[in-house]
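The values are calculated or read from the model by the stated rules, or taken from the named source; none is laboratory data. In this text the structure is predicted, and so the values were computed from the model without any measurement. Don't worry about glycine lacking a Cβ; one is built from the backbone with ideal geometry, like all the others, and counts go over all protein chains shown. Only protein heavy atoms, including side chains, enter the accessible area calculation; ligands, DNA and RNA are left aside. Shrake-Rupley method; radii C 1.70, N 1.55, O 1.52, S 1.80 Å.
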Amino acid sequence: MTAKKRKKFTKFDMGIYGAGVILLVIVGYPLILVMSNSLSSPQLVASGKVLLLPKGINLEGYRAVFEDNSIVLGYANTIFYTVCKTLLALAITLPAGYALTKSTLPGRNIFMAMFMFVMYFSGGLIPTFLQIQKYGLYNTRTAIVVMGAFSTYNCIICRSFFASMPKELEEAAEIDGCTPITTFVKIILPLSKALLGVMVLYVAVGQWNSYMDCLIYIKDDAKQSLQVVLRRILLIAQAAYVTAEEGGEYAAMMADREALLRYSAMVVSSVPLLVVYPFLQKYFDKGVMIGSVKG
């Protein structure tokens with residue numbers, strides 16, 4: 001047997017690998033820097049001497065994060081908002097996408113046109129705020145869970161995915177006496193794990209990183225999300241730096257502590273997504289590609 005001929009390494013390949021390395025450095029360096037700062041001595045962090053690896057290993061920042069009641073409460077609120085909104089979004093978007101694949105649905109084109117219209121045009125911030133206030137949802141957790149639970153973009157992905165599935169499955173289920181709801185729950189959904197993974201990833205990541213809704217519609221600190229708490233910490237840290245330049249030793253010490261707390265809180269807030277994402281990654285590309293090509 002002849003040895004397999006090795007592929008020639010061309011200049012184009014070198015360019016691709018070089019661009020990949022550059023992008024890896026651009027994306028990876030900030031992540032490593034934040035992690036290193038969260039593990040370093042407060043004085044070294046505040047002075048900007050930590051450039052890559054941790055210096056003067058210190059876990060004081062993480063201890064301060066878990067001792068801060070506002071961060072722990074914000075963490076719990078964000079988990080609650082993310083889980084509830086993801087479940088609600090799945091319960092609304094998946095059936096809507098499946099129903100829109102049916103040519104027998106009365107007014108299907110009208111519904112789709114309405115969804116597409118509100119995708120590009122909205123009432124704006126002030127009318128939305130007045131509407132939330134009129135419904136009695138202002139300063140309630142329900143407002144955060146309900147707002148944005150339905151996404152036209154996600155609905156289109158679901159519709160395309162369900163439209164690409166073999167019609168014979170539904171026909172066989174109908175012959176066996178299954179109702180449309182039974183067919184959807186017991187046959188279509190179990191075959192849509194890739195789509196479910198994509199939807200969970202889209203909705204959960206979007207809600208986890210969102211802070212504007214809580215900032216506008218929630219005034220009670222006990223109901224604020226983690227992102228709003230982190231924003232407050234960043235503002236306090238910025239003010240502490242200004243005070244440290246004008247103040248004495250105590251002001252400088254508080255500035256060092258706030259800088260360390262800022263980086264530690266960033267790391268802690270990112271852990272859930274970093275843990276969940278690898279389990280959903282295998283469904284991500286497959287789900288999007290199946291929904292985008294109808295063959």
Would you please list the contacts, defined by Cβ atoms under 9 Å and residues six or more apart or on different chains, that run from a residue in the stretch 17-42 that is touching a residue at least 12 places away in the same chain (Cβ under 8 Å) and closer than 24 Å to Ile57 by Cα to a residue that is open to solvent by 100 Å² or more (accessible area, probe 1.4 Å) and assigned to a helix (DSSP H, G or I)? Pro42/Met253
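Would you mind finding the one in Ile32, Ile26 that is exposed (fewer than 12 other Cβ atoms within 10 Å of the Cβ) and among the hydrophobic types (A, V, I, L, M, F, W, C)?
Ile26
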Any residue in the stretch 78-91 that's in contact (Cβ under 8 Å) with a residue 24 or more places away in the chain and over 11 Å from Arg141 (Cα atoms): show its pairings with residues that are open to solvent by 40 Å² or more (accessible area, probe 1.4 Å) and outside any helix (DSSP H, G or I) at Cβ separation under 8 Å, as long as the two are six or more apart or on different chains. Ala89/Phe150
Matching residues in the stretch 75-112 - criterion: being more than 26 Å from Ala194 (Cα to Cα) and either in a helix (DSSP H, G or I) or modelled with pLDDT of 90 or more (or both): Tyr75, Ala76, Asn77, Asn109, Ile110
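Determine whether Tyr135 is hydroxyl-bearing (Ser, Thr, Tyr) and closer than 23 Å to Leu215 by Cβ.
yes
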Applying the selection to the stretch 41-65, what residues are farther than 12 Å from Ala259 by Cβ, hydrophobic (A, V, I, L, M, F, W, C) and surrounded by 13 or more Cβ atoms within 10 Å (Cβ to Cβ)? Val65
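For the stretch 164-212, give me every one of the helices (runs of 4 or more DSSP H) that falls completely inside it and has 2 or more residues that are over 11 Å from the mean Cα position of the chain (by Cα), at pLDDT 90 or above and closer than 30 Å to Lys223 by Cβ.
Details: elements: 167-175, 180-183, 193-209.
Because the criterion is at least 2 residues that are over 11 Å from the mean Cα position of the chain (by Cα), at pLDDT 90 or above and closer than 30 Å to Lys223 by Cβ, no helices (runs of 4 or more DSSP H) in the stretch 164-212 meet it.
Filter the stretch 1-18 down to the residues that are at pLDDT 85 or above and either open to solvent by 100 Å² or more (accessible area, probe 1.4 Å) or under 30 Å from Val271 (Cβ atoms) (or both) and list them by number. Walk me through how you get there before you give the answer.
Pass one, the stretch 1-18, residues at pLDDT 85 or above: 14-18.
Of everything in the stretch 1-18, those that are at pLDDT 85 or above and either open to solvent by 100 Å² or more (accessible area, probe 1.4 Å) or under 30 Å from Val271 (Cβ atoms) (or both) turn out to be Met14, Tyr17.
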Please work out which residue is most open to solvent (accessible area, probe 1.4 Å), limiting yourself to the stretch 185-231 and to residues that are basic (Lys, Arg) and free of Cβ contacts under 8 Å to residues at least 24 places away in the same chain. Lys186
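Among Thr182, Thr104, which is farther than 17 Å from Tyr211 by Cα, of a type in the set (Val, Ile, Thr) and exposed (fewer than 12 other Cβ atoms within 10 Å of the Cβ)?
Values: Thr182 fails: exposed (fewer than 12 other Cβ atoms within 10 Å of the Cβ).
So the residue among Thr182, Thr104 that is farther than 17 Å from Tyr211 by Cα, of a type in the set (Val, Ile, Thr) and exposed (fewer than 12 other Cβ atoms within 10 Å of the Cβ) is Thr104.
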Given (1) in a helix (DSSP H, G or I); (2) touching a helix residue (DSSP H, G or I) at 6+ places or on another chain (Cβ under 9 Å); (3) farther than 30 Å from Ser270 by Cβ; (4) modelled with pLDDT under 85, number of the condition Gln43 does not satisfy: (3)
Kindly evaluate Val72 against the criterion of being open to solvent by 40 Å² or more (accessible area, probe 1.4 Å), at pLDDT below 90, closer than 30 Å to Val267 by Cα and not in a loop (DSSP other than H, G, I, E, B). yes
